[in-house]
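Below you'll find the structure, written out as structure tokens, and then a few comments.
The values are calculated or read from the model by the stated rules, or taken from the named source; none is laboratory data. Keep in mind that this is a model prediction, so the values were computed, not measured. Positions of Cβ are backbone-derived with ideal geometry, glycine not excepted, and every protein chain shown enters the neighbour counts.
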Amino acid sequence: MWRELIRELAPDAGLGAPAEPGALRAAEDALGGPLPRAPAGLLAECDGALGPGGLDVVRETERIRRDNWPSAGSPPSPTSTCRSSP
């Protein structure tokens, strides 16, 4: 479903292989709970997607885990799995 949608919206997008189940569990463990269903489903189909100019329009599971690791007791933002354009 997700791969087809991305291909429809951005035919030239570079799609990663599906995320390993262990990587998804590690991200959830590190972030303190389950990933929202839609991002988890997306990552299960393609672990990252690159748009024009190599812009990461969908971050890889490991990068989501690393970039959103709770610091100073602050929980990760619920929208932190998405990246907006500058």
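Under 6 Å between Cβ atoms, which residue pairs at least 6 apart in sequence (or on different chains) link something in the range 56-77 that is at pLDDT 85 or above with a partner that is among the β-branched types (Val, Ile, Thr) and surrounded by 11 or more Cβ atoms within 10 Å (Cβ to Cβ)?
As it stands, the answer is ILE64/THR81, since those pairs meet every condition given.
Conditions: (1) out of contact with any Gly (no Cβ under 7 Å at 6 or more places or on another chain); (2) assigned to a loop (DSSP other than H, G, I, E, B); (3) modelled with pLDDT of 85 or more. ASP47 meets all but one. Number of the miss?
Among (1) out of contact with any Gly (no Cβ under 7 Å at 6 or more places or on another chain); (2) assigned to a loop (DSSP other than H, G, I, E, B); (3) modelled with pLDDT of 85 or more, ASP47 violates only (1).
So which of GLY48, GLY53, GLY14, GLY41 ends up being surrounded by 11 or more Cβ atoms within 10 Å (Cβ to Cβ) and at positive phi?
GLY48
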